[in-house]
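The values are calculated or read from the model by the stated rules, or taken from the named source; none is laboratory data. These figures come from a predicted structure and were not determined experimentally. Every residue, glycine among them, receives a Cβ derived from its backbone with ideal geometry; neighbour counts consider all protein chains shown. Heads up: the accessible areas ignore ligands, DNA and RNA and are worked out on the full protein's heavy atoms, side chains in. Shrake-Rupley method; radii C 1.70, N 1.55, O 1.52, S 1.80 Å.
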Amino acid sequence: MNQLTFSLPNGKVLSLHVAKSVCIGYSGRNQEAVRMHIEELAHEGIPAPPEVPMVYPISNLLVTQDKDIQILGEQTSGEVEFVILISSDGKFVSVGSDHTDRKLEAISIPYAKQACPKPVATEAWPLEEVLVHWDQIHLTCEIKMNDQWELYQEGSLASVLPVHEILEFAHKRNCIDENGSVLFCGTVPILEGKFKYGSAYRLTMTDPVFDRSIVHVYKVENIFAN
């Protein structure tokens, strides 16, 4: 059993038993940009998906709130995403990372998704609080390279499919268990257009209307490094 807990703005705590977890890839709102992203990945040897958007089921045990994750190899990287949480208490949004083995991705994206833990923050906001100004929510990912933080990804949720469309798509693909689901729903552009492999990642989701942020930092340990 994988049990997650999230602090909510009203001081209460959301307890969520993970009964279903998925990554929804290629969920960009601008389909031309999605096509360009698929072409960028092709240059990395990563095959195009059979459909867009694309659902990648992941093991429930991979979803973690730990601040340290263990991976295999030198070519894994994080990807900041907004994360929809569904429980019997309602729907919530947080921030997480679709950390993926990029070398394995060139062979099989579904297998690559299973190769790394999927970090998620320990705070969440009720989804209904942010729907009116959804597109103004901002995501950033900073990575630590040579002991220095550098900006890796940045953008607003206006670049990702509207949340109601993602939820509708997830329902059609039977990806939701109303008693406990975690949906990694989409990312924002990599600023230099190529993967980097940091020793740590700092994920930030900012709500400018309510002047608040959710931040999650995690370190990466390559257990084959020595």
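Restricting ASP98, ASP68 to those that are surrounded by fewer than 16 Cβ atoms within 10 Å (Cβ to Cβ), modelled with pLDDT of 90 or more and acidic (Asp, Glu) reduces the list to ASP68. Strands (runs of 3 or more DSSP E) fully within region 1-63 that include at least 1 residues being over 19 Å from the mean Cα position of the chain (by Cα): 13-17.
Pull out all pairs, ordered by first then second residue, where Cβ-Cβ is under 8 Å, the residues are six or more apart or on different chains, the first lies in region 105-116 and is more than 14 Å from MET54 (Cβ to Cβ) and in contact (Cβ under 8 Å) with a residue 40 or more places away in the chain, and the second is among the charged types (D, E, K, R) and surrounded by fewer than 19 Cβ atoms within 10 Å (Cβ to Cβ). Matching pairs, first to second residue: ALA106/GLU44.
Quick grid of which residues meet (1) of a type outside the set (Lys, Arg); (2) more than 20 Å from MET1 (Cα to Cα); (3) open to solvent by 20 Å² or more (accessible area, probe 1.4 Å):
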site: CYS23; (1), (2), (3): yes, no, no
site: TYR26; (1), (2), (3): yes, yes, yes
site: GLY45; (1), (2), (3): yes, yes, yes
site: LYS91; (1), (2), (3): no, yes, yes
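Just the residues that are within 17 Å of GLY186 (Cα to Cα), in contact (Cβ under 8 Å) with a residue 40 or more places away in the chain, of a type outside the set (Ser, Thr, Tyr) and open to solvent by less than 70 Å² (accessible area, probe 1.4 Å), please, taken from region 134-150. Show your work before the answer.
Kept after step one, since they are within 17 Å of GLY186 (Cα to Cα), are these residues of region 134-150: 134-142.
Then keep just the ones that are in contact (Cβ under 8 Å) with a residue 40 or more places away in the chain; that gives 136-142.
Right, trim to of a type outside the set (Ser, Thr, Tyr) and you get 136-139, 141-142.
Passing the criteria: ILE137, HIS138, LEU139, CYS141, GLU142.
The single residue among LEU131, LEU157 that is closer than 16 Å to ASP207 by Cβ and open to solvent by less than 50 Å² (accessible area, probe 1.4 Å) turns out to be LEU157.
Against the condition closer than 17 Å to HIS17 by Cα and aromatic (Phe, Trp, Tyr), how does PHE82 come out, does it pass? Outline the logic, then answer.
Working: closer than 17 Å to HIS17 by Cα: no; aromatic (Phe, Trp, Tyr): yes.
No: the conditions fail for PHE82.
When residues in region 69-99 are screened for being outside any strand (DSSP E or B) and of a type outside the set (A, V, I, L, M, F, W, C), 9 of them pass.
May I ask you to say which residue of THR187, THR206, THR122 is under 13 Å from the mean Cα position of the chain (by Cα) and either hydroxyl-bearing (Ser, Thr, Tyr) or open to solvent by 40 Å² or more (accessible area, probe 1.4 Å) (or both)? Walk me through it before giving the result.
Numbers: THR206 fails: under 13 Å from the mean Cα position of the chain (by Cα); THR122 fails: under 13 Å from the mean Cα position of the chain (by Cα).
Exactly one residue qualifies, and that residue is THR187.
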